[in-house]
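K.L.:
There's a structure below that I have some questions on.
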Amino acid sequence: MKYDFDRYIERHDTNSMKWDLLEERFGASDVMPLWVADMDFESPPEVLDALREKISHGILGYPKVTDSLYEAILNWEKTRHGWTFDKSAITWAPGVVAGLAFCLLAYTKPGDGVILQTPVYPPFHETIETAGRHIVKNPLKRENGRYVMDLEHLEKIITPNCRTIILCSPHNPVTRVWSKDELEAFAALAKKKNLLVLADEIHQDLIYSDAKHICFASLSEDAAARSVTFIAPSKTFNLAGLSSSVAIIPDETLRGQYQSALTRFHLGRLNMMGLIAMETAYKECAQWADEVMAYLEGNRDFVEKFVKERMPKAVMDHPEGTYIFWIDFRGYGFDDKSLQEFLVKKAKVAMNNGLAFGAEGDGFARLNIGTTRARLEEGLTRIAEALENK
């Protein structure tokens, strides 16, 4: 490999949420952080060099969005995901969750329902509730040892005041990469019921070799016309702190409504460093993305084997995408409260609280594998040994 993902980089006292909020979030500072979805790997050196070059110039005035950035985004989506669309479809968001908040303002009214397929990323819940809308749940169901969308139930809950859904694709936290057949069935229902699809595809590049991501809007003209798709370099290239995301909205009317919401809050432009990092990542860092995924796949395979052998009463589905895995600890008799207390006080690890993803997460925890193999092994060993002594 050209890049070294085994190198440990000290992150304590670097203003890191993942490392420096442990005492505040978990009540202990001596735990290993295996939570928040950023990786412990250095960002691509090509990106860091581009940022240093701009800093060395010495002037950080208002930035211009260059044609080369648009081309980098278009080429990335075409090359990596087979999705082509017009440059005019591209607009911006200071983070995917912020973009979703703008969508709720643009496309829904106070009191409207917004559909979530739970368990799902906690900020989705908060964004809906703080916007004065209410969550309508379409829980994922279990079939043949994995999570699937419950389209029969989904059809029943769509109403004139509840016709917006946040599609998490790939799904965080259950690690599903929706198949083409699944997405086509979902798209057919969306067309039938006139459903607006807000597609969070921020994890689209974090796909293992036995799965394939398909952009929802690439399925058909109808899918493109009824959807807003969010992507970002933040997860792929470990650039989350730059808060720079892309909203792809092929339909002119939907795009105009979204941009009006941006304008209302004067948030239509991204920061200079985010723009530079995004363009460099999409233009120059395909090899880094390939290599980090190869390393993460090794981590995935290690975790699967470890959980089966050392935590036999825990259940983890075969992960198809993302580097944040969903583990069911209920076989050990845990509920949410007792599990968190056990992980922090006995195992000395910090993992995301399953209940934060919805009631379906009671007794689950989310594991971040985006770290060195050595630290991952140490963290899992802590959990296994604590379980053995439980």
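K.L.:
In the stretch 110-144, which residues are in contact (Cβ under 8 Å) with a residue 40 or more places away in the chain and more than 25 Å from N353 (Cβ to Cβ)?
P.N.:
G111, D112, G113
K.L.:
Identify, please: which residue in the stretch 240-267 is in contact with a Pro (Cβ under 8 Å, 6 or more places away or on another chain) and open to solvent by less than 20 Å² (accessible area, probe 1.4 Å) and is, among those, nearest to K78 (Cα to Cα)?
P.N.:
This residue is S245.
K.L.:
Separate question: In the list D210, D205, which residue meets the criterion of being open to solvent by 10 Å² or more (accessible area, probe 1.4 Å) and touching a Lys or Arg at 6+ places or on another chain (Cβ under 7 Å)? Even if it seems obvious, please write down each step before you answer.
P.N.:
Values: D210 fails: touching a Lys or Arg at 6+ places or on another chain (Cβ under 7 Å).
After ruling out the rest, the residue left standing is D205.
K.L.:
In the stretch 313-358, which residues are among the charged types (D, E, K, R) and under 16 Å from the mean Cα position of the chain (by Cα)?
P.N.:
Hit for the stretch 313-358 is E320, nothing else.
K.L.:
Taking F334 and the conditions (1) within 18 Å of W35 (Cα to Cα); (2) without any contact (Cβ under 8 Å) to a residue 40 or more places away in the chain; (3) open to solvent by less than 30 Å² (accessible area, probe 1.4 Å), which numbered condition does it fall short on, given that it satisfies the others?
P.N.:
Only one criterion is unmet by F334, namely (1).
K.L.:
Being farther than 17 Å from T371 by Cα and not in a helix (DSSP H, G or I) is the filter here; which residues of the stretch 37-66 pass it?
P.N.:
Residues of the stretch 37-66 that are farther than 17 Å from T371 by Cα, as a first pass: 45-66.
Once the filter is applied, which keeps residues that are farther than 17 Å from T371 by Cα and not in a helix (DSSP H, G or I), the stretch 37-66 yields G58, I59, L60, G61, Y62, P63, K64, V65, T66.
K.L.:
I'm trying to understand the selection: among the residues of the stretch 268-280, which are buried (at least 16 other Cβ atoms within 10 Å of the Cβ) and out of contact with any Leu (no Cβ under 7 Å at 6 or more places or on another chain)?
P.N.:
Of everything in the stretch 268-280, those that are buried (at least 16 other Cβ atoms within 10 Å of the Cβ) and out of contact with any Leu (no Cβ under 7 Å at 6 or more places or on another chain) turn out to be L270, T280.
K.L.:
Scanning the stretch 207-230 for residues that are aliphatic (A, V, I, L, M) and touching a His at 6+ places or on another chain (Cβ under 9 Å), which turns out farthest from I90 (Cα to Cα)?
P.N.:
So in the stretch 207-230, the residues aliphatic (A, V, I, L, M) come out as 207, 211, 214, 217, 219, 223-225, 228.
Filter once more, so that each one left must be touching a His at 6+ places or on another chain (Cβ under 9 Å): 207, 214.
Numbers: I207: 23, I214: 18 Å.
Residue satisfying both the conditions and the ranking: I207.
K.L.:
Just one of V120, V97 is touching a Cys at 6+ places or on another chain (Cβ under 6 Å), under 28 Å from W76 (Cα atoms) and either open to solvent by 10 Å² or more (accessible area, probe 1.4 Å) or modelled with pLDDT of 95 or more (or both); which is it?
P.N.:
V120
K.L.:
Of all the residues that make up the stretch 22-36, how many are open to solvent by 40 Å² or more (accessible area, probe 1.4 Å) and outside any helix (DSSP H, G or I)?
P.N.:
Residues in the stretch 22-36 being open to solvent by 40 Å² or more (accessible area, probe 1.4 Å) and outside any helix (DSSP H, G or I): 3 in total.
The values are calculated or read from the model by the stated rules, or taken from the named source; none is laboratory data. Given the structure is predicted, the values throughout are model-derived calculations rather than measurements. Every residue, glycine among them, receives a Cβ derived from its backbone with ideal geometry; neighbour counts consider all protein chains shown. The area values use the complete protein model at the heavy-atom level, side chains included, leaving out ligands, DNA and RNA. Shrake-Rupley method; radii C 1.70, N 1.55, O 1.52, S 1.80 Å.
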